[in-house]
Amino acid sequence: LNWTKEHWTNNYGWAIIVVTLIINLALFPLRLSSLKSARKMQKLQPQIKAINDRFKNVKMNDPRKAEQNQEVMALYKKEGVNPVGGCLPMLIQMPFLYAFYRVLSIAIELRHAPWLWVTDLSAPETLPIHLLPIILVVTQFLTQRMTPAAGVDPNQQKMMMFMPIMFGFMFYSLSSGLVLYYLTSNLVGVSQQLIINRFMPTAAPASVAAPVKAPVKKTVKK
């Protein structure tokens, strides 16, 4: 941040944005791999649903439950899908988020450092309404709407809709610089998602072949 501020931006707010852009560009291959995995999961949903329907009356402690998991994992392996691939970019980003939190909490250089309407990047906004967390919530909703949610139960999807609001509460009282970092990451993610959706349209789900019924023989009464 110091180097970027001194050589490029002459402002710590813009330095945070530039460093965040560099981090997100470096993580873009992982995001692309995660999206491809999510698209494959989305395409396999009819087949996974067919497997789950066959075992829907099986209890959790039934040994046949292991057969269901084996069939699903075998399908993943056959199609080359990693079910936890979507979590990898978020896990890798966590150290950067923690690093920014620590830097903005203890770095004396960032005390009273201004950026646009923000008077102190190491503290929450002084405006009556904190604009950065509100914009962050909006970008979180956009990210949710644009990201494939393969295999997620409708009830879970409704619960996920509350996540941006929870993020808004979490970041509302944190330092403006940290909110600016996460907001910039979300905006970059939305832009990348738009580009990916433009050049990688969602494939149609794979259809499940219906069972063939035997022909019914009609008896002729004499």
Task: Complete set of residues in the range 50-62 that are farther than 16 Å from Met73 by Cβ and under 30 Å from the mean Cα position of the chain (by Cα) - done: Asp53, Lys56, Met60
Open item on the list: Tell me whether the range 96-103 contains one or more residues that are farther than 30 Å from Ser175 by Cβ and of a type in the set (Val, Ile, Thr).
Closed with: no
Open item on the list: Looking only at residues that are free of Cβ contacts under 8 Å to residues at least 12 places away in the same chain and not charged (D, E, K, R) in the range 26-64, which one is least open to solvent (accessible area, probe 1.4 Å)?
Closed with: Val58
Open item on the list: hydrophobic (A, V, I, L, M, F, W, C), at pLDDT below 85 and in a helix (DSSP H, G or I): is that true of Val103 in this structure?
Closed with: yes
TODO: Could you check how many residues of the range 122-135 are among the hydrophobic types (A, V, I, L, M, F, W, C) and modelled with pLDDT of 90 or more?
DONE: 4
TODO: Output the residues belonging to the range 186-209 that are farther than 30 Å from Ala113 by Cβ and modelled with pLDDT of 70 or more.
DONE: Gln193, Leu194, Ile195, Ile196, Asn197, Arg198, Phe199
TODO: Pick out the one residue from Gly85, Gly80 that is modelled with pLDDT under 85, within 22 Å of the chain's Cα centre (by Cα), on the phi > 0 side of the Ramachandran plot and small (Gly, Ala, Ser).
DONE: Gly80
Open item on the list: Is it the case, given these coordinates, that Ile92 is in a helix (DSSP H, G or I), open to solvent by 30 Å² or more (accessible area, probe 1.4 Å), closer than 30 Å to Tyr181 by Cβ and in contact with a Leu (Cβ under 9 Å, 6 or more places away or on another chain)?
Closed with: yes
TODO: Name every residue in the range 4-22 that is surrounded by 18 or more Cβ atoms within 10 Å (Cβ to Cβ) and either aliphatic (A, V, I, L, M) or in contact with a Cys (Cβ under 9 Å, 6 or more places away or on another chain) (or both), in order of residue number.
DONE: Ala15, Ile16, Ile17, Val19
- [ ] Scan Glu6, Glu67 and give me the residue that is at pLDDT 85 or above and out of contact with any helix residue (DSSP H, G or I) (no Cβ under 7 Å at 6 or more places or on another chain).
- [x] Glu6
Task: Selection status of Val72, of a type outside the set (D, E, K, R), in contact with a Phe, Trp or Tyr (Cβ under 9 Å, 6 or more places away or on another chain) and assigned to a helix (DSSP H, G or I) - done: no
- [ ] Tell me which residues, restricted to the range 10-49, are of a type in the set (S, T, N, Q) and assigned to a helix (DSSP H, G or I).
- [x] Thr20, Asn24, Ser33, Ser34, Ser37, Gln42, Gln45, Gln47
TODO: With respect to Leu183, determine if the residue is under 18 Å from Ile129 (Cβ atoms), under 16 Å from the mean Cα position of the chain (by Cα) and at pLDDT 80 or above.
DONE: yes
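The values are calculated or read from the model by the stated rules, or taken from the named source; none is laboratory data. Model, not experiment: these values are computed from the prediction. Using ideal geometry, Cβ is built from the backbone for each residue, glycine included, and neighbour counts are taken over all protein chains shown. The protein model used for the area step is the full one, side chains on, heavy atoms only, and it has no ligands, DNA or RNA in it. Shrake-Rupley method; radii C 1.70, N 1.55, O 1.52, S 1.80 Å.
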